[in-house]
Amino acid sequence: MPDNSHSVKQLSVQNLSVRFPTVRGTVCAVNGVSFELSQGASLGIVGESGSGKSVTARTLMNLLPRSAEVSGGVEFEGADVRRLARERVKHFWGVKMAMIFQDPMTSLNPVKKCGTQISETLRYHLKRDRKTARHEGIDLLNLVGIPEPKKRFDQYPHELSGGLRQRVVIAMALACDPSLLIADEPTTAVDVTVQKHLLDLLDRLRKERGMSLILITHDLGVARRRCDEIAVMYAGRIVERGKPEDLFEDPRHPYTDALLRSMPRLNTPIHSRLEAIGGPPPELINPTEQCSFAPRCTLAQADCLQSVPQLSGVIGMREIACFYPANTKRGRRALAKNRARGKTAAGLQMSARRHTSG
Ligand SMILES: Nc1ncnc2c1ncn2[C@@H]1O[C@H](COP(=O)(O)OP(=O)(O)O)[C@@H](O)[C@H]1O
Ligand code: SF4
Ligand SMILES: [Mg+2]
């Protein structure tokens, strides 16, 4: 179970925004994201496809294309990460902070042996000699639970199953003993049994190494069981953040509420994936100054269309970006008003809405 006793601040992200100029206009992928992560803690980031989860992660890892316009601050263990990026500091990414991606082939080179790729990481960042790097590489394969690690060390990625390849990627990410691991949908490409093994492995490594984890996932059940805290993203913003039990038992943002209502009603929603919520997806290109969930929100009132609600609340407790939070008196009143007039202030018809709060 998650340990909530973490206190030393490790990562601080302040008002982070990322824009991509394109021929169709400026894509506002991340809009004023702020969060903190304590040493050894785990943060789950959930949200529909396109909500800015990967761009946030890639910003932390300095992996954005040159065209990206970034503003805001990122501090990691006292270092200004954006300054490190400007100064092209080596041996930071992949050493202090490492990342694993959804598709292992994003990180693995198909024409190099798995072991070579791990030992190259060790030799480049930690200056290990060839023999030591091989030795440590095999130890890493063993650590991540790969059977016959010596044999696997000398195999090519295509000779391994998807689950084993993802373990190799985890071994590579762990090679330099990072204090923060960012896992972007690490189990989307594998089946449920392998998924459990990989997530158990990440849990174990967190405990053994005191490593912090940012786990990006579509799977609300995974976030609930594996993370100390969850941030829900919508249209490039964090719209709700809090402890899993608070979010699941008493969702306040209408989007979180709708997400939970759209989950299959099983007794144990362990592998429940996000289902589409009715209404148009958010506009990320030159968006208007309004709540981006307004076109889909059953609670929307006139003021939701006039300004963007900011995330507020008590850091470390719960934060919500909404003028009429669901499951509150104010939210219920807004819902009743919309029901009475048959539509929301944004024009959404109330009649056949499935995801209705109140
Ligand atoms: N290099 C890029 N150029 C233009 N738009 C981009 C680029 N990378 C990501 N985006 C856009 O940013 C938005 C957020 O993407 P992403 O963070 O990948 O979403 P997700 O939450 O699914 O991980 C999407 O609309 C995506 O199309
Ligand atoms: S109630 Fe208003 S502010 Fe809250 S999510 Fe709905 S549209 Fe946005
Ligand atoms: Mg993504």
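The values are calculated or read from the model by the stated rules, or taken from the named source; none is laboratory data. Predicted model, so just to flag it, every value in this text is computed and none were measured. Cβ placement follows ideal geometry from the backbone for every residue including glycine, while neighbour counts extend to all protein chains displayed.
Scan the stretch 54-73 and tell me whether some residue there is crowded, with 16+ Cβ neighbours inside 10 Å and part of a strand (DSSP E or B).
Filtering the stretch 54-73 for residues crowded, with 16+ Cβ neighbours inside 10 Å gives 54-62, 64, 68, 70, 72.
If we keep only those that are part of a strand (DSSP E or B) as well, we get 70, 72.
Yes, because at least one residue in the stretch 54-73 is crowded, with 16+ Cβ neighbours inside 10 Å and part of a strand (DSSP E or B).
If the condition is being over 21 Å from the mean Cα position of the chain (by Cα) and within 18 Å of L160 (Cα to Cα), then the stretch 83-110 contributes L108, N109, P110.
Here's the yes/no breakdown for (1) modelled with pLDDT of 95 or more; (2) closer than 20 Å to A321 by Cα; (3) aliphatic (A, V, I, L, M):
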| site | (1), (2), (3) |
| --- | --- |
| D219 | no, no, no |
| R224 | no, no, no |
| A231 | yes, yes, yes |
| P251 | no, yes, no |
| L266 | no, no, yes |
| P269 | no, no, no |
| E275 | no, no, no |
| E289 | no, yes, no |
| L299 | yes, yes, yes |
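In the stretch 229-241 there is no residue matching the filter, namely being buried (at least 19 other Cβ atoms within 10 Å of the Cβ), more than 30 Å from V27 (Cβ to Cβ) and either basic (K, R) or touching a Pro at 6+ places or on another chain (Cβ under 9 Å) (or both). Screening G32 with (1) of a type outside the set (V, I, T); (2) within 16 Å of ligand 2 (Cβ to nearest atom); (3) in contact with a Gly (Cβ under 7 Å, 6 or more places away or on another chain) gives one miss only, at (3).
Taking first residues from the stretch 161-187 that are more than 14 Å from M99 (Cβ to Cβ) and at pLDDT 95 or above and partners that are of a type in the set (F, W, Y) and surrounded by fewer than 21 Cβ atoms within 10 Å (Cβ to Cβ), no Cβ contact under 7 Å between residues at least 6 apart in sequence or on separate chains turns up. Summed over the stretch 47-77, residues that are closer than 19 Å to S179 by Cα and near ligand 1 (Cβ under 7 Å from one of its atoms) total 1.
When P281 is tested against the conditions (1) surrounded by fewer than 18 Cβ atoms within 10 Å (Cβ to Cβ); (2) within 16 Å of ligand 3 (Cβ to nearest atom); (3) modelled with pLDDT of 90 or more, the lone failure is (3). Suppose we keep only residues that are of a type outside the set (A, V, I, L, M) and more than 20 Å from G94 (Cα to Cα) within the stretch 158-174. Which one would you say is farthest from the chain's Cα centre (by Cα)? Among them, the one singled out is E159. Can you work out which of the residues in the stretch 111-132 that are more than 19 Å from I146 (Cβ to Cβ) and of a type in the set (A, V, I, L, M, F, W, C) is farthest from the chain's Cα centre (by Cα)? Among those residues, the one meeting the criterion is V111.
Among the listed residues P295, P325, identify the single one that is near ligand 2 (Cβ under 8 Å from one of its atoms), under 19 Å from S262 (Cα atoms) and either in contact (Cβ under 8 Å) with a residue 40 or more places away in the chain or of a type in the set (A, V, I, L, M) (or both). It is P325.
All conditions in (1) more than 13 Å from ligand 1 (Cβ to nearest atom); (2) closer than 25 Å to I285 by Cβ; (3) touching a helix residue (DSSP H, G or I) at 6+ places or on another chain (Cβ under 9 Å) hold for V89, with the sole exception of (2). Which one of the conditions (1) within 16 Å of ligand 1 (Cβ to nearest atom); (2) surrounded by fewer than 24 Cβ atoms within 10 Å (Cβ to Cβ); (3) among the hydroxyl-bearing types (S, T, Y) does S292 fail to meet, given that it meets all the rest? All conditions pass for S292, except number (2). Kindly establish whether R332 is at pLDDT 95 or above, more than 27 Å from the chain's Cα centre (by Cα) and more than 16 Å from ligand 1 (Cβ to nearest atom). Yes; evaluated as a whole, the condition is true for this residue. Out of all the residues in the stretch 96-106, is one or more crowded, with 17+ Cβ neighbours inside 10 Å, hydroxyl-bearing (S, T, Y) and within 15 Å of ligand 1 (Cβ to nearest atom)? Within the stretch 96-106, not a single residue is crowded, with 17+ Cβ neighbours inside 10 Å, hydroxyl-bearing (S, T, Y) and within 15 Å of ligand 1 (Cβ to nearest atom).
Looking at the stretch 17-53, which of its residues are part of a strand (DSSP E or B) and either free of Cβ contacts under 8 Å to residues at least 12 places away in the same chain or of a type in the set (G, A, S) (or both)?
Step one: of the stretch 17-53, the residues part of a strand (DSSP E or B) are 17-22, 25-38, 42-46.
Passing the criteria: S17, G25, A29, G32, S34, S38, S42, G44.
I'd like the full set of residues that are within 18 Å of P186 (Cα to Cα) and of a type in the set (D, E), limited to the stretch 27-57. Answer for the stretch 27-57, where residues must be within 18 Å of P186 (Cα to Cα) and of a type in the set (D, E): just E48.
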